[in-house]
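*Asks:* Sharing a structure here in structure tokens format.
The values are calculated or read from the model by the stated rules, or taken from the named source; none is laboratory data. Treat the numbers as computed from the prediction; the structure is a model and nothing was measured. Note that we place each Cβ from the backbone using ideal geometry, even for glycine, and neighbour counts take in every protein chain shown.
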């Protein structure tokens with residue numbers, strides 16, 4: 001068979017991947033715009049495709065920078081008020097954008113056009129076992145991440161909140177508004193995990209530049225400046241003068257790159273884990289190493 005690759009959420013335009021040994025087709029809901037097919041191969045005669053990964057088109061926040069803090073590489077945003085007069089913060093979750101925060105998979109179902117209250121959570125660690133590691137970053141139980149429902153048609157959007165325990169584990173979803181008029185089942189997006197700030201200010205010479213977020217609170221984002229060049233300014237105010245228009249967009253993981261769904265397995269639909277001589281391989285270009293780094297599905 002041929003291997004069909006879809007990019008779901010992609011982070012930086014300089015990322016390249018080689019896909020070896022096409023085995024089975026993949027498909028899933030797209031936020032991005034790139035897909036291609038790799039013909040079947042084997043360990044003796046592998047087939048491959050070199051692809052450039054575009055930026056994600058999904059934005060979880062759009063607004064302007066209110067102020068900057070160079071000593072902490074921090075961007076601060078204004079707080080608005082909602083219809084009831086309460087504060088409407090730019091970001092719901094505190095430390096939601098820590099790149100290695102533990103992310104489960106959440107699902108909802110629809111009955112009679114409304115979202116059911118029995119939303120589910122699936123936990124899988126890096127080895128594919130069900131579980132949550134208390135030694136790794138979790139969510140802030142007092143300020144859980146925002147939950148968004150998307151990719152459903154003809155609906156009045158339902159509202160869902162995350163339930164976080166004292167260890168930082170997302171244990172469930174609370175459906176506070178079931179919505180109406182759903183003709184398909186929406187997907188669940190946790191606004192958390194690795195994200196970038198993208199400069200979208202038309203007048204900025206840095207328009208299109210992206211910075212990895214390393215932490216956040218409800219009004220501010222702390223940026224990782226380690227990818228800047230030796231002669232580049234280390235002051236965030238240099239790139240983000242007050243009033244700069246920005247977007248916050250999801251960054252790429254291997255799972256989002258190849259479409260892992262976590263329905264019941266840590267692998268993409270119909271893929272099988274195995275030893276290197278039988279598994280599909282993905283090579284990602286490493287700008288520091290100056291070469292391709294291989295990954296494959298090991299059981």
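*Asks:* Among strands (runs of 3 or more DSSP E) lying entirely in region 103-168, which contain 2 or more residues that are in contact with a helix residue (DSSP H, G or I) (Cβ under 8 Å, 6 or more places away or on another chain) and at pLDDT below 90?
*Replies:* Working: elements: 105-107, 120-122, 146-150, 159-164.
Qualifying strands (runs of 3 or more DSSP E): none found.
*Asks:* Do the conditions hold for residue 254, that is, is it modelled with pLDDT under 85, loosely packed, with under 14 Cβ neighbours inside 10 Å and either within 30 Å of residue 200 (Cβ to Cβ) or touching a helix residue (DSSP H, G or I) at 6+ places or on another chain (Cβ under 8 Å) (or both)? Walk me through how you get there before you give the answer.
*Replies:* Values: modelled with pLDDT under 85: yes; loosely packed, with under 14 Cβ neighbours inside 10 Å: yes; either within 30 Å of residue 200 (Cβ to Cβ) or touching a helix residue (DSSP H, G or I) at 6+ places or on another chain (Cβ under 8 Å) (or both): yes.
So residue 254 fits the description; yes.
*Asks:* In the set 237, 233, which member is exposed (fewer than 15 other Cβ atoms within 10 Å of the Cβ) and farther than 22 Å from residue 194 by Cβ? Write out each step before concluding.
*Replies:* On the way: 237 fails: exposed (fewer than 15 other Cβ atoms within 10 Å of the Cβ).
Testing whether each residue is exposed (fewer than 15 other Cβ atoms within 10 Å of the Cβ) and farther than 22 Å from residue 194 by Cβ leaves just 233.
*Asks:* Next question. Going through region 210-228 one residue at a time, which ones are at pLDDT 95 or above and in a loop (DSSP other than H, G, I, E, B)?
*Replies:* Passing the criteria: 217, 218, 219, 225.
*Asks:* Being in a loop (DSSP other than H, G, I, E, B) and over 30 Å from residue 222 (Cα atoms): is that true of residue 185 here? Give the derivation first.
*Replies:* Working: in a loop (DSSP other than H, G, I, E, B): yes; over 30 Å from residue 222 (Cα atoms): yes.
For residue 185, the condition - in a loop (DSSP other than H, G, I, E, B) and over 30 Å from residue 222 (Cα atoms) - is met.
*Asks:* Would you mind telling me which numbered condition in (1) surrounded by fewer than 16 Cβ atoms within 10 Å (Cβ to Cβ); (2) outside any loop (DSSP other than H, G, I, E, B) residue 68 fails?
*Replies:* So residue 68 meets the others, but not (1).
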